[in-house]
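Remarks on the structure that follows.
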Amino acid sequence: MTRRAAELSNRLEELLLEQAISGLDESQRTELEQLQPQGDSAANPFMETAALVQLGLASMDAANRERLMPASLRQKLLQDAPGGEAAK
Amino acid sequence: MAASLLEQVAQGDQSAVGKVLDQYGDLVWSLARRFLGNSPEAEDAVQDIFIAVWSSAERYKPELASEVTFIATIARRRLIDRLRKNSRTPDSETYDESIAAQNPDPVNRITENVEVENVVRVLNDMPEQHREILSLSIYEGYSHSEIADRLAIPLGTVKTRVRRGLIHIREQLELDEPNPQEQAS
């Protein structure tokens, strides 16, 4: 790999990490799109890893025992869903 | 093989929608509450997340990821977007042990998921402070500077630990993936 290619690869990884950790600003998003012109711009393996970390930490968090979704929210979600009241 | 719930949703099965909410609703709610800290904000976020789940259901491929991982990844994108627009507010609700004792654990289903089991193992193997930094950043949505202040460590250290932690976990999870050649023998 050439030095330039290695720099671009490092920068791509940096941006993907940043996107998965705290998101990107507009200029970073543009830069990422330029570094990933042919790939699926939504594909970010670190995003999935971060999501798994959230799940893992959630399973270790005893305080989650009380976090049941309010019934009113569930009703809204059903209305928003395909075939729900919002779709009619 | 029976279609997954998301595949059923993509095929227009109305009953599958309710089942997805039964299976993952509380989990997504708990992730949103923990990440955003504020109930009204978390409610809006959960609505956004499930609208994205319904519109993405036809892209779900069970051979690539479990349903919970697919949904959690969608959730993460939405939660990050929302946090960037609004600053995080502290979670004002206190943990009540009596409520916890009465309610079934809304996230217990995910502990049966192999991917989650593996990530928990990797997290438990990490030094405590590294895990704490990851938790504050990835799970609780604190900014790097907030974490640096809270733990009285340099900002650069926080950034490095979060990035390297994520890279390390990804590498460990890739090591855990079954080798197709081994499966075939």
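Structural remarks
- All of (1) polar (S, T, N, Q); (2) closer than 20 Å to B:Phe35 by Cα; (3) at pLDDT below 95 hold for B:Ser137 with one exception: (3).
- Residue in the range B:7-19 that is closer than 20 Å to A:Leu52 by Cα and assigned to a helix (DSSP H, G or I) present: no
- Across the range B:28-47, the qualifying residues are those that are open to solvent by 10 Å² or more (accessible area, probe 1.4 Å) and within 19 Å of A:Leu78 (Cβ to Cβ), and the one among them that is farthest from the other protein chains (Cβ to nearest Cβ) is B:Asp44.
- When the range B:48-91 is limited to residues that are polar (S, T, N, Q) and surrounded by fewer than 17 Cβ atoms within 10 Å (Cβ to Cβ), the one that is nearest to the other protein chains (Cβ to nearest Cβ) turns out to be B:Ser55.
- Whichever residue in the range B:1-26 is open to solvent by less than 10 Å² (accessible area, probe 1.4 Å) and closer than 18 Å to B:Thr73 by Cα and, among such residues, is farthest from the other protein chains (Cβ to nearest Cβ): B:Leu6
- Tallying residues that are open to solvent by less than 50 Å² (accessible area, probe 1.4 Å), modelled with pLDDT under 90 and in a helix (DSSP H, G or I) within the range A:60-79 yields 3.
The values are calculated or read from the model by the stated rules, or taken from the named source; none is laboratory data. On a predicted model such as this, the values are computed, not experimentally measured, just so you know. When we count neighbours, we look across all protein chains shown, and the Cβ atoms used for this are built from the backbone with ideal geometry, even at glycine. Ligands, DNA and RNA are stripped out before the accessible areas are found, and what is left, the full protein with its side chains, is counted by its heavy atoms. Shrake-Rupley method; radii C 1.70, N 1.55, O 1.52, S 1.80 Å.
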